[in-house]
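What follows is a single structure, written as structure tokens, with notes after it.
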Amino acid sequence: MTNLLLSGLCILMVLSGCGWDGEPTRNNDFTPLTSIEIVAGSSTIAAKTSATFKVNGTYSGQFTRDITNQVVWSSDSPAVAGFVTTANPNRITGKSSGTAIVTATVGSVSSTFRLTVSAATVTTLTITPATSSLSKGRTVQYAVRGLFSDTTTQDLTFDAAWTSSDSGVATVSDAIGSKGLTKAISVGTATISTAFGGITGTQQLTVTEPVLNSITVSPVNPSVLTLSSQTFKATGIYTDGSTADITAQVAWDSSRKDVATISSSGTAATLTQGTTAISAALSGIAGTSNLKTTGGNLAAIAISPNVVTLVKDTVSRLTATGTFSDGSIRDITSQVSWSPASATIATVTTPGGNLAWLNALAATPAGTLSVITVKNGSISTTTSLIVTIPSVTSIVITPVAVESLTVGTGNRQALTAYFSDGTKQEVTASSEWSSSNTAAATVGNSGIVRGRVSGVAAGTTIISAKYGGMTVTAPVTVTARTLNNLVITDNTVLTSGNQVKFTATAGYTDGSTVDVTEDTTWVIDFPNVAILIDSQNLPGQVVAVDHGTATLTASFGGKTKTATISVP
Amino acid sequence: MKQICRIIIAICLPLLFCAPANAQHSGPFVGAFIGGNSLLNAKGSDDQGDFRLSFKPGFQGSAVLGWDFEPGNPLGEGRAELEYTRRSNPLDQVKFVEGSFTGGGTVVSDSLMLNFFGVFHDGGRWAPYIGGGVGATRIEASSLKVDGQTMSSDSAIVFAYQLGAGFDVALTDYLNLDLGYRFFGSTSPKLSEVGGRSFKMDYFSHNVILGLRVGF
């Protein structure tokens with residue numbers, strides 16, 4: 001009971017907080033304004049020049065505040081000095097020599113300032129800063145100070161007229177509010193001139209090629225799986241607003257090399273789960289993108305098949321599956337190294353994607369196994385291989401006939417060989433395949449599509465498979481059908497790092513259905529959420545990457561279907 | 001909305017844990033309380049920006065009319081009550097961009113709340129309770145001043161809530177001494193300034209109360 005009561009009190013305290021302790025943003029306008037003071041840079045200005053005033057208000061002696069923008073201005077001698085600039089009410093212009101009493105009024109409070117307008121004339125104009133070079137696209141704010149006949153000096157930026165000798169090279173503003181603001185337009189040389197009272201000041205300005213201003217790294221803050229790669233692009237943004245791909249010129253770096261390393265070409269290889277800042281630097285300018293890696297750290301590798309028995313000069317597909325620290329399991333065939341103990345007995349080739357072929361080259365000595373080591377980082381495992389040299393006694397193709405292959409779809413034929421030692425082996429990937437009528441159907445004869453028959457047009461063909469000097473055939477009839485609908489796996493919730501296979505089934509107007517998973521084009525819109533693990537070798541197989549929702553789109557025969565993938 | 005849900009949960013949870021006890025009062029009761037409260041620093045906001053209002057601790061008084069649930073009530077053991085409370089806190093300081101300025105006047109809250117408290121009877125004289133309530137409060141800015149200048153004199157009625165805990169001490173079968181704590185808050189009242197603007201201010205306070213309840 002006591003614990004419950006204490007818990008309740010804790011809840012009360014958390015809810016109650018301690019009141020607002022933020023910083024105020026409001027001025028105190030409750031305390032009365034009691035006096036104001038006019039602040040001027042000088043009590044004397046030359047005729048035809050101008051100057052600005054500032055007004056500080058004192059509130060009952062408690063505090064002061066700049067209240068220039070609340071002031072109503074007046075001059076007792078407008079012919080000597082007057083407030084004539086609408087855009088700058090606090091700017092007074094000297095019209096003729098003499099003295100004027102300037103009055104500032106805020107509500108019922110006012111103050112005066114005695115301004116003298118002299119008859120001095122300007123003798124020299126000096127432009128500052130003495131910037132003579134400017135990169136294309138950049139700006140510089142010039143100011144001009146005048147030296148007068150009475151040896152006084154005065155800022156004349158507002159009163160002088162500004163021009164550029166070549167506005168195609170550099171422009172200079174003569175507008176109120178931006179006088180003297182110069183922008184470099186194109187490479188070349190221009191003279192910036194300012195004139196007042198018959199005197200001219202000049203500044204030679206050379207506009208140089210644009211220089212790098214910033215770098216953006218894309219994709220911005222991507223999420224990818226561990227044991228994968230991410231290619232980054234660096235885009236340079238120059239002072240003139242132009243952009244260029246500078247991926248190859250920048251220096252790439254990863255802030256956490258235990259999470260991901262990055263090559264000099266901008267491709268990151270992810271190692272462990274975490275976040276690292278990928279930076280691209282050039283000429284002292286850098287851009288970054290945070291790379292988040294998900295899917296756990298590799299804990300174990302399993303090889304399928306575990307023990308392989310192959311006849312010499314045949315091949316077998318190998319698959320490496322990773323088990324990760326977060327419990328996820330996925331195909332990592334392309335992320336491991338394959339090292340046969342004897343390269344004369346077997347080799348492993350990885351043509352790309354999640355595909356590895358084991359090639360049996362020579363017989364293993366009797367009673368021995370040849371070991372293949374599979375490794376990623378410090379995690380490794382082995383699989384064993386036995387290579388025999390029996391002679392072929394017969395070969396069998398399955399299915400023995402395809403009676404109705406739909407145009408636009410495919411069907412895998414398999415070839416099994418029977419040997420003199422009583423063993424048999426699927427030799428589909430080690431056989432020669434051909435079609436007697438490629439206008440009706442073609443058959444793959446290389447790589448992973450070896451033995452896959454694709455319907456081209458209505459008709460018939462004979463598919464031939466040749467192995468060990470023997471040939472078998474299977475008749476295939478190709479039928480044209482009208483696609484009615486496409487059905488794919490329903491919306492799926494996936495946890496990060498895990499793999500799921502989506503399937504696509506085509507329904508035709510004659511009521512037949514065909515699994516078209518391998519004939520379908522699969523696309524995912526948000527790779528930060530989920531990716532297709534290998535569109536070529538594992539069509540329809542999706543791996544979740546990071547929290548979010550993505551749409552998987554399947555396209556086949558002009559039909560499109562989508563499914564939502566949610567990663568909590 | 002989330003805050004309201006928390007309040008409702010805080011109110012209802014204790015009722016689930018209430019256990020029956022012997023010789024305890026059930027039926028109507030009335031009570032009166034006095035106490036002190038600390039009004040938390042409040043954020044005031046108008047179209048000119050935000051400012052901070054700090055208050056001095058104040059006194060409060062309450063009157064309640066309620067019903068003690070009988071032992072074994074399916075709603076749990078405890079009480080429901082209608083409570084009127086007046087709280088009053090002098091404005092101590094107001095902080096603007098320029099700094100802190102002396103305040104003046106008071107902020108008065110007159111609240112009418114419907115409360116539910118779960119009471120934990122264990123057969124002894126002391127019975128802890130916890131619960132809360134919802135209702136409305138009229139918050140009045142009574143001649144609030146900044147540096148002697150009137151800032152606001154206005155009032156507004158807003159939604160209010162409170163959470164509370166404490167101890168009942170059974171003096172007799174019908175008379176209870178109640179020592180308790182309340183956290184009281186409301187939605188921000190909108191009050192007019194002397195210049196014609198309106199400002200909103202927070203209203204949250206910690207309250208300690210002592211009172212008597214008489215059952216009949």
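Coordinate-derived values only; no laboratory data. Owing to the predicted nature of the structure, the values given are computational and were not obtained by experimental measurement. We place every Cβ from the backbone using ideal geometry, glycine too, and count neighbours over all the protein chains shown.
Values for this structure:
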quantity	calculated
Proximal lysines to A:LYS48, defined as alpha-carbon separation beneath 16 angstrom and excluding residues fewer than eight positions away on the same chain	A:LYS95
Neighbouring partner chain Cβ atoms per residue of B:140-152, average, 10 Å criterion	2
Cα-projected label distance for A:THR562 with A:ALA401, points at 7 Å along beta-carbon direction, nm	4.5
Crossing angle, helix A:2-16 versus chain A [Cα axis fit, 0-90 degrees, rounded to tens]	50
C-alpha center-to-center spacing [the stretch A:216-246, the stretch B:47-96] in angstrom	57
Order of A:ARG256, B:ARG79 - criterion: other Cβ atoms within 10 Å of each residue's Cβ, fewest first	A:ARG256, B:ARG79
Two-site label geometry, A:VAL220 and A:THR393: point separation in nm, points 7 Å out along Cα→Cβ	6.9
C-alpha center-to-center spacing [the stretch A:291-350, the stretch A:111-184] in angstrom	73
Estimated dipole of the stretch A:392-479 in Debye, rounded to 20 [Cβ of Lys and Arg +1, of Asp and Glu -1, Cα centre]	120
Positive-end extreme of charge dipole, chain A - chosen from A:GLN70, A:GLY19, A:SER496 (charges on Cβ)	A:GLN70
Local net charge near A:VAL169, Cβ-Cβ under 11 Å (Lys/Arg +1, Asp/Glu -1)	+1
0 to 90° range, to nearest 10: angle between helix B:2-17 axis and chain B longest Cα axis	20
Student exercise, the stretch A:472-545 dipole from Lys, Arg, Asp, Glu Cβ charges, in Debye to nearest 20	40
Unsatisfied cross-links (Cα-Cα over 29 Å) in the set A:LYS466/A:LYS561; A:LYS375/A:LYS466; A:LYS257/A:LYS561; A:LYS257/A:LYS501; A:LYS501/A:LYS559; A:LYS257/A:LYS375	A:LYS466/A:LYS561; A:LYS375/A:LYS466; A:LYS257/A:LYS561; A:LYS257/A:LYS501
Mean Cβ neighbour count within 10 Å, used as a protection proxy, ranking A:389-396, B:184-191 highest first	B:184-191, A:389-396
Within chain A: Cβ-based charge dipole about Cα centre, in debye rounded to nearest 20 (Lys, Arg +1; Asp, Glu -1)	300
Per-residue Cβ neighbour rank within 10 angstrom, fewest leading, A:THR398, A:THR31, A:THR293	A:THR398, A:THR31, A:THR293
Lysines whose Cα lies under 27 Å from that of B:LYS200, excluding same-chain neighbours fewer than 8 positions away	B:LYS2, B:LYS43, B:LYS56, B:LYS95, B:LYS145, B:LYS190
Burial ordering of B:GLU81, B:GLU193, A:GLU209, fewest other beta-carbon atoms within 10 Å first	A:GLU209, B:GLU193, B:GLU81
Separation of the A:VAL211 and A:THR479 label points, Cα + 7 Å toward Cβ, nm	7.4
Given charges at Cβ of Lys, Arg, Asp, Glu: the protein assembly as shown dipole, positive-most of B:ASN176, A:THR123, A:ASN485	A:THR123
A:ALA414 long-range amide H proximity, modeled H, under 5 Å	A:THR398
Cβ neighbours within 10 Å from other chains - mean over A:25-36	6
222 nm mean residue ellipticity, helices alone, for the protein assembly as shown (DSSP H n ≥ 4; -39,500 (n - 2.57); rounded to 500)	-1500 deg cm²/dmol
